[in-house]
Amino acid sequence: MSGHRPPVAPGTARLQGPGVLRSRYVRRVPGAPPEAGPSDVPARGVGTGGGFLASGQLVPLFVGLLMVCQVVLLVEALAPLRVVVRVLAFGISLLMLVLVRGRSLAHPALPYVMGALGVTALQLFNPGTGAPLAAVAQVGIQLAIAAPLLWVTRLSLDLRTFRRTLALLFLFNAASAGVGVLQVYFPGRFQPALSSVVSSQGEGYVNSLQFETTDGQRVFRPMGLTDIPGGASTGGFYAVLLGGGFLLSSRRGPYRLLSLGGILVGLFSLYLSQVRAMAVMLAVCLIALAGVLALSGRLGRLLALLAVIGTAGMATFGWAVAVGGGAVMERWSALFESPPEDVYQRNRGYFLTGTFDTLLPEYPLGAGLGRYGMVNAYFGDPNDFERPSLWAEIQWTAWVYDGGILVLLLYPMSLLASLWWAFRVARSREGPEGEFWLWGALLFAYNLGALALTFSYPFFMSQTGMEFWLLNAALFSAFSHAKTVHAHRR
């Protein structure tokens with residue numbers, strides 16, 4: 001027989017398979033999104049090798065490094081290196097952006113985030129930009145916060161690795177909440193040194209962050225594994241939300257007990273921390289999660305979630321009042337003394353009103369870089385009276401400073417795109433693996449809570465903002481790679 005092969009007409013289907021024309025046999029799952037197609041898998045994607053720098057294990061490792069940076073801040077001997085440690089957390093993300101090679105998958109939020117970052121970078125030429133080092137640092141930090149959308153989606157990530165990442169976050173934050181509880185029960189014994197930024201605000205402000213327990217001891221609001229009073233509330237939030245996800249997904253008794261324990265400790269720590277913005281974010285997340293479960297017809301999971309969270313919420317609140325006394329009761333009861341809009345207006349609402357009524361007309365194209373937040377505190381020029389420091393209590397104010405009306409439109413659009421994609425995954429009944437809908441529902445709830453928190457805190461100028469994009473990118477990568485896999489992996 002001749003070895004000559006007849007020419008194949010353009011567009012004619014070719015046989016594919018291991019050893020056939022040196023091609024791997026690839027099967028596309030019906031309904032796979034365009035971004036997950038074989039031609040779109042990164043150069044070092046699933047099944048293509050690339051070593052450790054192409055492995056999804058980088059994601060939990062990165063989360064672990066962030067946790068180490070946070071704990072290092074509690075070591076008093078390393079206090080002089082505080083700025084270095086804080087910058088290191090963002091620097092690692094930028095380093096990953098350089099080291100992880102390949103082509104990124106196109107997360108729906110990516111165009112909006114990149115557009116907002118581009119507008120912010122143009123602020124380098126704004127006459128209002130302050131010290132050059134502070135300006136460059138702000139651009140670098142914002143790029144580091146969004147960088148997981150680029151480097152995480154280059155990795156061969158699977159659902160097991162995504163679960164491992166969530167488990168790491170859950171355990172660390174449950175530990176932080178637990179340490180916060182110990183700080184209240186044993187005043188001074190488990191408490192780190194107070195943040196220099198907080199202590200510099202004056203004695204009156206520091207005293208306002210303390211409360212008196214029922215046994216007459218005056219203690220700081222629990223810090224957990226942070227150096228900021230009330231910092232344990234973040235650990236409590238993650239412990240409850242992620243604990244709820246693992247409680248619904250776990251089939252083994254010990255894992256369910258661990259999830260339940262995290263929920264109980266998280267709620268108790270959150271009540272004692274008295275950070276109402278974090279509690280509102282958690283409430284928004286849980287309501288959103290319950291709503292998605294109801295719309296998806298998963299009533300059994302919905303009833304289980306309501307029973308556990310409802311019972312735990314009431315029990316731990318009584319426990320917190322028994323420990324914290326009248327201070328805890330008064331703090332939380334104030335949320336219900338007036339309509340929600342009045343409560344918000346008295347606490348953070350006037351910042352939002354001032355942003356749109358005063359700051360946006362004053363800075364329609366942005367106020368320049370390096371003039372607010374920790375970047376200004378660490379790298380700004382206090383003697384620059386022509387470009388004085390600005391104050392951003394909420395994220396919407398920061399967006400106006402960063403680029404005016406354009407950033408104010410683009411960045412919220414990225415959050416809406418993330419919400420919509422997570423909602424589609426949560427509603428799907430035909431997925432590559434059975435658990436994606438659950439983590440999609442959890443991510444939708446988390447994204448909605450983060451959007452709510454932008455009205456109370458500069459969420460996307462902190463490490464929590466980087467964790468937000470990390471989780472969104474990780475689930476997107478795992479879902480997209482699972483949609484198109486090699487047949488031998490099925």
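Brief remarks follow.
- The set of residues in the range 265-315 that are open to solvent by 40 Å² or more (accessible area, probe 1.4 Å), out of contact with any Leu (no Cβ under 8 Å at 6 or more places or on another chain) and either of a type in the set (D, E, K, R) or more than 21 Å from PHE211 (Cβ to Cβ) (or both) comprises ALA283, ILE287, LEU295, GLY297, GLY300, LEU303, LEU306, ALA307, THR311, MET314.
- Qualifying position, being farther than 30 Å from GLY56 by Cβ, part of a helix (DSSP H, G or I) and open to solvent by less than 30 Å² (accessible area, probe 1.4 Å), among GLN142, GLN138: GLN138
- Sole residue being farther than 19 Å from ALA177 by Cβ and either in a loop (DSSP other than H, G, I, E, B) or open to solvent by 30 Å² or more (accessible area, probe 1.4 Å) (or both), chosen from GLY230, GLY216: GLY216
- Residue list for the range 250-263, restricted to those being of a type in the set (A, V, I, L, M) and either at pLDDT 95 or above or surrounded by 24 or more Cβ atoms within 10 Å (Cβ to Cβ) (or both): ILE263
- The single condition among (1) touching a residue at least 24 places away in the same chain (Cβ under 8 Å); (2) farther than 30 Å from ASP402 by Cβ that PHE336 does not meet is (1).
- Selection within the range 77-121 - outside any helix (DSSP H, G or I), open to solvent by less than 30 Å² (accessible area, probe 1.4 Å) and farther than 26 Å from PRO412 by Cα: VAL100
- Here LEU94 passes the criteria (1) more than 30 Å from VAL375 (Cβ to Cβ); (2) at pLDDT 75 or above except the one numbered (1).
The values are calculated or read from the model by the stated rules, or taken from the named source; none is laboratory data. On a predicted model such as this, the values are computed, not experimentally measured, just so you know. Every residue, glycine among them, receives a Cβ derived from its backbone with ideal geometry; neighbour counts consider all protein chains shown. Each accessible area value is taken on the protein alone, full model and side chains, heavy atoms only, with ligands, DNA and RNA left out. Shrake-Rupley method; radii C 1.70, N 1.55, O 1.52, S 1.80 Å.
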